[in-house]
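**Student:** Below are the structure tokens for one structure; questions will follow.
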Amino acid sequence: MLDADFFHRWMTATAALVDREAAHLTELDSAIGDADHGSNLQRGFAAVSAALEKEPPQTPGAVLMLAGRQLISTVGGASGPLYGTLLRRTGKALGDGAAVTPGELAQALGAGVAAVAQLGGAQAGDKTMLDALLPAAEALGTSFDAGREAARAGAVATVPLQARKGRASYLGERSIGHQDPGAASSALLIEALAETAASDGGDA
Amino acid sequence: MSADGQVGIVLVSHSGPVAEAVAELARGLAAGGATAPVAAAGGTPAGGLGTSAELIARAAREVDGGAGVAVLVDLGSAVLTVKAMLAEGDELPDGARLVDAPFVEGAVAAVVTASAGGDLDAVAAAASEAYDYRKV
């Protein structure tokens with residue numbers, strides 16, 4: 001079972017990964033976006049860590065709801081409301097139990113990903129964060145490692161795609177050949193999840 | 001709090017100067033009497049390009065006189081942030097609505113309509129109708 005502490009550590013691990021990869025994310029975003037994805041997410045997840053530290057929520061759902069709220073209010077770019085919605089809806093779907101199973105998390109994340117798709121009006125293949133999150137949410141039903149691999153593969157698979165949503169879509173064919181920064185950061189979120197599970201001494 | 005009965009308008013842009021200038025333009029073109037309350041929420045609190053949920057919430061509270069608040073936005077994160085704030089439920093005043101409209105033309109139409117005493121439906125409709133005005 002995964003408790004509030006597990007979710008807290010997942011968010012902290014995400015903040016650390018985003019911190020480490022911020023320059024890379026911004027580099028990806030400078031190719032087809034407005035070159036602020038790394039710093040925006042860095043600011044957002046730093047705020048998430050600080051808020052969780054200040055008043056640690058007692059349930060998995062509450063951890064994600066608080067994290068999502070912080071992202072919406074501090075990021076400043078489109079990734080704020082998108083990641084914020086992802087985490088809030090996932091947290092909401094988890095309900096108010098003290099602990100959840102990995103299967104319940106996978107299912108809740110699926111609901112969160114669907115909410116992101118609705119908010120942004122994007123679908124699979126549009127070269128967005130969904131291209132990492134959709135396969136990840138599905139593979140997480142099998143194991144955390146499978147989720148990590150699916151997210152990573154999904155992010156890499158955005159390279160040959162033409163962007164149909166967001167700032168990169170204005171570039172048309174020139175968006176082809178670059179990895180989508182949102183898909184790359186989404187893969188980090190799932191990687192942090194797998195890392196957190198692994199540090200617990202086992203996979204689901 | 002604004003004058004009673006008038007719909008408030010919030011203009012959300014990635015850029016502080018753009019939001020301020022469009023607000024000024026809309027007020028100027030609506031002049032002739034007292035204009036409806038308009039607040040700009042542009043850029044980040046630090047003055048950079050981006051969208052700030054904090055500035056949007058503050059602007060909405062500032063223009064809310066109880067008759068509703070029409071929120072007009074420009075691009076990308078401005079659209080998504082307002083949608084996410086509305087989904088959140090308690091971030092914006094009751095009666096706040098994201099209006100689907102071109103930013104500059106919609107702002108002028110919204111402020112003129114609100115200043116003339118139009119309700120939120122009328123303001124939203126006037127702003128959206130700005131999409132129908134073809135330039136060529």
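A quick yes/no check of all residues on (1) surrounded by 24 or more Cβ atoms within 10 Å (Cβ to Cβ); (2) farther than 17 Å from A:LEU86 by Cβ; (3) not acidic (Asp, Glu):
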residue	(1), (2), (3)
B:GLU62	no, yes, no
B:GLY66	no, yes, yes
B:ASP74	no, yes, no
B:ALA78	yes, yes, yes
B:ALA84	yes, no, yes
B:ALA87	no, no, yes
B:PRO93	no, yes, yes
B:ASP100	no, yes, no
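**Student:** Considering only region B:78-93, I want to know if a residue exists there that is modelled with pLDDT of 95 or more, more than 24 Å from A:TYR170 (Cβ to Cβ) and in contact with a Gly (Cβ under 7 Å, 6 or more places away or on another chain).
**Tutor:** Looking through region B:78-93, none of the residues is modelled with pLDDT of 95 or more, more than 24 Å from A:TYR170 (Cβ to Cβ) and in contact with a Gly (Cβ under 7 Å, 6 or more places away or on another chain).
**Student:** Let me ask something additional. Return the residues of region A:95-122 that are under 16 Å from the mean Cα position of the chain (by Cα) and away from every other protein chain (no Cβ under 12 Å); say none if nothing qualifies.
**Tutor:** A:LEU105, A:ALA106, A:GLN107, A:ALA108, A:LEU109, A:GLY110, A:ALA111, A:GLY112, A:VAL113, A:ALA114, A:ALA117
**Student:** If only one of A:ALA46, A:ALA93, A:ALA132, A:ALA111 is at pLDDT 95 or above and within 27 Å of B:ALA46 (Cβ to Cβ), which one is it? It would help to see each step written out before you state the result.
**Tutor:** On the way: A:ALA93 fails: within 27 Å of B:ALA46 (Cβ to Cβ); A:ALA132 fails: within 27 Å of B:ALA46 (Cβ to Cβ); A:ALA111 fails: within 27 Å of B:ALA46 (Cβ to Cβ).
From the options A:ALA46, A:ALA93, A:ALA132, A:ALA111, the qualifying one is A:ALA46.
**Student:** Can you report the number of residues in region B:15-28 which are part of a loop (DSSP other than H, G, I, E, B) and modelled with pLDDT under 95? Spell out the reasoning first.
**Tutor:** So the first thing to find is which residues in region B:15-28 are part of a loop (DSSP other than H, G, I, E, B), and the list is B:15.
Filter once more, so that each one left must be modelled with pLDDT under 95: none.
Going through region B:15-28 one residue at a time, the tally reaches 0.
**Student:** Can you find a residue that is more than 14 Å from the chain's Cα centre (by Cα) and among the basic types (Lys, Arg) anywhere in region A:132-149?
**Tutor:** no
**Student:** Mind listing just one residue for me: the one in region A:107-158 that is polar (S, T, N, Q) and part of a helix (DSSP H, G or I) and, of those, nearest to A:PRO81 (Cα to Cα)?
**Tutor:** So in region A:107-158, the residues polar (S, T, N, Q) come out as A:107, A:118, A:123, A:128, A:142-143, A:158.
Among the residues that remain, those that are also part of a helix (DSSP H, G or I) are: A:107, A:118.
Numbers: A:GLN107: 21, A:GLN118: 12 Å.
Restricting to residues being polar (S, T, N, Q) and part of a helix (DSSP H, G or I), the top hit is A:GLN118.
**Student:** Same structure, new question: Picking from B:ILE56, B:ILE9, which residue would you name as being touching a residue at least 40 places away in the same chain (Cβ under 8 Å) and farther than 17 Å from B:LEU120 by Cβ? Before you say what the answer is, go through the steps one by one.
**Tutor:** Details: B:ILE9 fails: farther than 17 Å from B:LEU120 by Cβ.
Just one listed residue meets the conditions, B:ILE56.
**Student:** Further question on the same structure: Between A:ASP3, A:ASP19, A:ASP34, A:ASP29, which is acidic (Asp, Glu) and buried (at least 23 other Cβ atoms within 10 Å of the Cβ)?
**Tutor:** Numbers: A:ASP3 fails: buried (at least 23 other Cβ atoms within 10 Å of the Cβ); A:ASP19 fails: buried (at least 23 other Cβ atoms within 10 Å of the Cβ); A:ASP34 fails: buried (at least 23 other Cβ atoms within 10 Å of the Cβ).
One residue alone meets the criteria, A:ASP29.
**Student:** To continue, here is another question. Provide a single number: the residues in region A:159-181 that are in a loop (DSSP other than H, G, I, E, B) and within 13 Å of chain B (Cβ to nearest Cβ). Write out each step before concluding.
**Tutor:** Quick first cut of region A:159-181, residues in a loop (DSSP other than H, G, I, E, B) only: A:159-166, A:176-180.
Right, trim to within 13 Å of chain B (Cβ to nearest Cβ) and you get A:163, A:165-166.
Residues that pass the stated criteria total 3.
**Student:** Here's a follow-up. Which of the helices (runs of 4 or more DSSP H) contained wholly in region A:6-94 include at least 1 residues that are away from every other protein chain (no Cβ under 14 Å), more than 13 Å from the chain's Cα centre (by Cα) and free of Cβ contacts under 8 Å to residues at least 12 places away in the same chain? Spell out the reasoning first.
**Tutor:** Details: elements: A:37-54, A:60-74, A:79-94.
Hits in region A:6-94: A:37-54.
The values are calculated or read from the model by the stated rules, or taken from the named source; none is laboratory data. Just so it is clear, the model here is predicted, and its values are computed rather than measured. Note that each Cβ is placed from the backbone with ideal geometry, even for glycine, and that neighbours are counted across all protein chains shown.
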